[in-house]
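What follows is a set of notes on a single structure, which appears directly below.
Laboratory data are not the source of any read-out in this text; all were calculated from the coordinates shown. These figures come from a predicted structure and were not determined experimentally.
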Amino acid sequence: MINDKAILVGVDGSRASYKATWWAANYAKHAGLTLQIVCAYSLPSYAAVSFDATYTAFGDDKAAHNDAQEILSKAKAIADQQGVEAVTLIVTGDPSSVFVELSRNYNLIVIGNRGKGGLAERLLGTTSSSLPAYAYCPIVVVPYTDDDGNLMHLNNTITRVAVGADESMWGMKALEIAAGFADGWGAELDVISAVPHVQGADGDEDVTAAYLEDLDHRVQPLQKKYPSLVVSKKVVPGNAVAALTKASRDHDVVVVGSRGRGGFTGLILGSTSQGLVQHAVSPVYVVPRKYVEAEESRPIEKSADDIEGVTEVSVPTADSRQAEAIDASIDPLHGEH
């Protein structure tokens, strides 16, 4: 059955994945949800593609399993620092395939993005293996650094949420999710609609006014549903990727829908030089096409125990000093949250 009370976060031993664990644990604590941490590896080449370290024993399942346990123990310590009791899982098999299967069972999966290598590259690097393209639940992609390699700070209280809005069913669902997410945090919601440079009969002002009127119509039901939610609406000219990347600089989360093809495709499935998930400096909350299409009746419902290669393991929590050292290394404002 669908585990709608749990958040799943993927770790691979990279600092980026530990940062994703921090965000997921912080959100789980706020929302009253449980946290499940999964470490995935595949043989015989796990050392090359799955973990963020160098190993000498290729094809050694026992060594890989032990390494995964060590990674999970560190991630569990990060969750413990947030006051969250985490369940730890080990996945054997191709991470992208297993994560897609797992996405049928959760309402949210969180992964870190460090650009190249490791789990993030396996799940985000190409269209064919892109988790946001094929997932059955929303995905939050947490940035590790900006384009210049500077570590990004994550606030433990979300105060501003941006959402890219269009008229598609995916854009409408993203707007709905963003409103509920922002209301849950008591945050402000900025609804952004990107308008191509098209001249109207009486100029650009009429085109902008028409987009704003449409935006008002789409937002009105949500303002009735969440009467205390502060909403601002903005129509910006030009490229949606650029508009939402800019919004990521002064918002705690950016929410966007993914059609899979067309529309916001460039945000999620385009080249890494163009994609929002590669350039945003705040977490990107992706609402995938399959999630929207399968919302009323999920195609397959399995528990994690029913998915081949997934094993729940009990791991010791890493030493608190070790967790503090990791925390200090993943956030430049450690201790100032």
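Counted residue by residue at 0.36 nm each, then reduced by the alpha carbon distance between them, the extension gain from Ala328 to Ala31 reaches 104.5 nm.
Between amide H atoms placed 1.01 Å from N, distances below 5 Å from Glu188 occur with Arg160, Val161, all of them 5 or more places distant or on a separate chain. Do the alpha carbons of any pairs in Lys173/Lys225; Lys5/Lys76; Lys5/Lys62; Lys76/Lys290; Lys173/Lys224 sit beyond 21 Å of each other, and which pairs? Over 21 Å Cα-Cα: Lys5/Lys62; Lys76/Lys290.
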